[in-house]
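S.K.: Take this structure first; my questions come after.
Readers should treat all values here as calculations from the given coordinates under stated rules, not as data from a laboratory. What you see is a predicted model; the values in this text were computed from it and never measured. Every residue, glycine as well, gets a Cβ built from its backbone with ideal geometry; the counts of neighbours run over all protein chains shown.
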Amino acid sequence: METFIINGGKPIHGTVTIGGAKNVALKILIASLLTDEEIIIHNVPHLRDVLSLIDVLKSLGVRASMDEHTVRIRNGTPPRDFTVPLDIGARLRTSSMVLGPLLARYGKGNVPNPGGCRLGARPIDRHIDGLRAMGASIEYNSEDGFFHATADKLHGARVSFAKNTHTGTESIILAAVLAEGQTVIENAAAEVEVDDLISCLTRMGAFISRKDSRTIIVEGVPKLHGVEYTIMPDRNEEVTFAIAAAMTGGNIIVEGSQLQYLDAFLKPFEDAGGVYEKIDGTHTRYTKDGDIRPTDIVTAPYPGFMTDWQAPWAVFMTQAGGSSIIHESVFESRFSYVSELRKMGAHIDFFDPPVANPEVFYNFNWADRKEGYHQGIRIHGPTKLHNAVLSVDDIRAGASLVLAALMAEGDNYLHGVELIDRGYECIEERLTGLGASIKRQHEEDEV
């Protein structure tokens, strides 16, 4: 286990560069299975999840190397074994997405029940049902924990998702590009990260188009070729740093800014007293003007307020004068950080917002909710947070606790920060460069 020791109470100032989008990098790495030719990917973040997925691909015989933020990867020969080892594949949920490309090219594949952050049930039934509609036979073996899949040849199909699913949409796209005929994906995810994957696949020779914001059409082709591609910056990182600047009373410039994709964040950010200034096409300044004001937020799939933003936003709202509400509609369980913020003195209450038809309104499977789950929190502030000993249990919650520690004077101890490393590259070094006081302590360094 690794620990951050954060001495808070200092505003942050300076310039920070946003890294590449993890959620694009992982999917384009998986796309290497679709061709025998080399793929060169630039602006790849150096994250634990990226390295874990490279290990997944290497287990299938793919050759890959990473130099700084460029990955060269090639799937030169068919896998010796079409099975992703349990100890490798269970590290992250994205590992299950190799199933579509394996079926499309080789007609077989076995993947373990995926792991990753504990964000509710996060079922992959939507992926599996889509692949079955395309002609795959897939069975789950509860004894070995694997999905076992075969297909004579994947064919085009009409895949209609009952709920918005980012990775489900991408899984079907990755399978459909080499399937016979046309695949129509209805209620497809509209996230810009999906469009970045589509852009890369198109440059590899795929035929993919959006009929409208929620309908994607894929015309299967016999083969794809290699590509050299630069992925988009990570908008989750930009939001994290913007909030850090505003809540500490600091002033930072973000390099690699993407204001065009942040409308759902910028409006409430301004309502709360945050200030942003576009300097040019890639640089934005973030700060605040006066006291922080309370807001009401409902998370939603793109173009709504991202579920990944709600934990940092909750920390932001502990500094607002009044009562703020966050209503989580995407996951059934994503408030694990609340108990940690309470240790720091935050005043947060759980509640269940009234919803007329929850089975339809919520983006998760309503039946997956368990006793004690809540979909809303009320945050009462402003609160002078105090230092504490904290624990991380998922990526965004971990980054949020870092933000909270930046506000709390004295030494804060944040355990389990290797989870933060899954989604943020060298976050302590980048925040230190902005004036924060953060040290990383490895387990062997502890007394």
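S.K.: 7 Å from Cα along Cα→Cβ at both E228 and I5: what's the point-to-point distance in nm?
M.R.: Going from the E228 label point to the I5 one covers 4.6 nm.
S.K.: Still on this model: Rounded to the nearest 20 debye, what is the charge dipole size of region 177-331 about its Cα centre when +1 sits on each Lys and Arg Cβ and -1 on each Asp and Glu Cβ? Can you show the working numbers first?
M.R.: Values: 11 positive and 23 negative charges, 21 e Å.
Around 100 debye, computed over region 177-331.
S.K.: Would you be so kind as to identify which of P353, A405, P303 lies farthest towards the positive end of the dipole of the chain, taking Lys and Arg as +1 and Asp and Glu as -1 on Cβ and the Cα centre as origin?
M.R.: P303
S.K.: Beta carbons within 10 angstrom, averaged per residue: use that to sort the peptides 7-14, 402-409, 105-112, highest first. Present the calculation step by step, with values, prior to reporting the outcome.
M.R.: Details: 7-14: 17.6, 402-409: 24.6, 105-112: 20.4.
Most protected by this proxy first, the peptides run 402-409, 105-112, 7-14.
S.K.: Looking at region 22-230, how many pairs of lysines come closer than 30 Å at the Cα, when each pair is eight or more places apart or spans two chains?
M.R.: 22
S.K.: Run the numbers on region 22-230 and let me know its relative contact order in percent, using alpha-carbon pairs under 8 Å that are six or more apart. Kindly include the intermediate steps, with their values, before the conclusion.
M.R.: Values: 440 pairs, mean separation 42.4, N = 209.
Once normalised by length, the contact order is 20 percent.
S.K.: Efficiency by 1/(1 + (r/R0)^6): what FRET value for D349 and A162, r their Cβ-Cβ distance, R0 = 41 Å, to the nearest 0.05? The partial results should precede the final answer.
M.R.: On the way: r = 32 Å, r/R0 = 0.78.
Efficiency for this residue pair is about 0.80.
S.K.: Quick one: helix 235-247 against the long Cα principal axis of the chain, what's the angle to the nearest 10°, folded into 0 to 90?
M.R.: 0
S.K.: What FRET efficiency do you get for T150 and H46 if R0 is 45 Å and r is their Cβ-Cβ distance, rounded to the nearest 0.05? Don't skip to the end; give the middle numbers.
M.R.: Numbers: r = 36 Å, r/R0 = 0.80.
So, using R0 = 45 Å, E works out to roughly 0.80.
S.K.: Work out how much length I217 to K58 would gain on full extension: take 0.36 nm times their residue separation and subtract the Cα-Cα distance, in nm to one decimal. Intermediate values should be presented prior to the final figure.
M.R.: Numbers: separation 159, 0.36 × 159 = 57.24 nm, distance 3.07 nm.
Additional length available on full extension: 54.2 nm.
S.K.: How would you rank 308-320, 279-291, 333-345, highest first, on the average number of other Cβ atoms within 10 Å across their residues? If you can, show how the numbers build up before the last one.
M.R.: Numbers: 308-320: 26.1, 279-291: 15.0, 333-345: 19.5.
Taking the mean over residues of other Cβ atoms within 10 Å, the ranking is 308-320, 333-345, 279-291.
S.K.: Cα to Cα, under 24 Å, and not fewer than 8 places away if on the same chain: which lysines meet these conditions relative to K10?
M.R.: Leaving aside lysines fewer than 8 places away in the same chain, those within reach of K10 are K288, K343, K384, K439.
S.K.: What does the convex hull of the alpha-carbon atoms of the chain project to on average, in nm²? All intermediate terms of the calculation are to be shown ahead of the outcome.
M.R.: On the way: hull surface 83.2 nm².
With the hull built on Cα positions only, its mean projection is 20.8 nm².
S.K.: Counting Lys +1, Arg +1, Asp -1, Glu -1, what net charge surrounds I40 among other residues with beta carbon under 14 Å of its beta carbon? Show your work: numbers first, answer last.
M.R.: Details: positive: R63, R72, R74, R203; negative: E37, E38, D67, E68, E228.
So the surrounding residues net to -1.
S.K.: So how much slack lies between E68 and D411, counting 0.36 nm per residue of separation and subtracting their Cα-Cα distance, in nm? Don't skip to the end; give the middle numbers.
M.R.: Numbers: separation 343, 0.36 × 343 = 123.48 nm, distance 3.24 nm.
Full extension from E68 to D411 adds 120.2 nm.
S.K.: List the relative contact order of the chain as a percent without decimals, with contacts defined as Cα pairs under 8 Å and 6+ residues apart.
M.R.: Details: 1035 pairs, mean separation 94.9, N = 447.
The normalised contact order for the chain reaches 21 percent.
S.K.: Which of the peptides 368-375, 190-197 is most tightly packed, and how do the rest follow, going by the mean number of other Cβ atoms within 10 Å of each residue?
M.R.: Details: 368-375: 13.6, 190-197: 21.0.
With the highest mean Cβ count within 10 Å placed first, the list reads 190-197, 368-375.
S.K.: Give me the extension gain from A356 to E143: residue separation times 0.36 nm, minus the current Cα-Cα distance, reported in nm with one decimal.
M.R.: Numbers: separation 213, 0.36 × 213 = 76.68 nm, distance 3.99 nm.
Value of the extension gain: 72.7 nm.
S.K.: How long, wide and thick is region 22-230, going by the Cα atoms along their three principal axes, in whole angstroms, largest first?
M.R.: That works out to 41, 39, 33 Å along the principal axes.
S.K.: Let me ask something additional. Tell me the label-point distance for the pair E443, E371, using the 7 Å Cα-to-Cβ offset, in nm and rounded to one decimal.
M.R.: So the two model labels end up 3.5 nm from each other.
S.K.: Of the beta bridges DSSP finds with both residues in the chain, what % are antiparallel, to the nearest 5?
M.R.: On the way: 61 of 84 bridges.
Given both bridge residues lie in the chain, the antiparallel proportion sits at roughly 75 percent.
S.K.: Further question: Using alpha-carbon positions, what is the distance between the centroids of region 1-66 and region 222-236, in Å?
M.R.: Spelled out, the Cα-based centre of one part sits 13 Å from the other.
S.K.: Same structure, new question: Compute the distance from the alpha-carbon center of region 130-193 to that of region 368-435, in whole Å.
M.R.: Between the Cα centres of region 130-193 and region 368-435 lies a distance of 35 Å.
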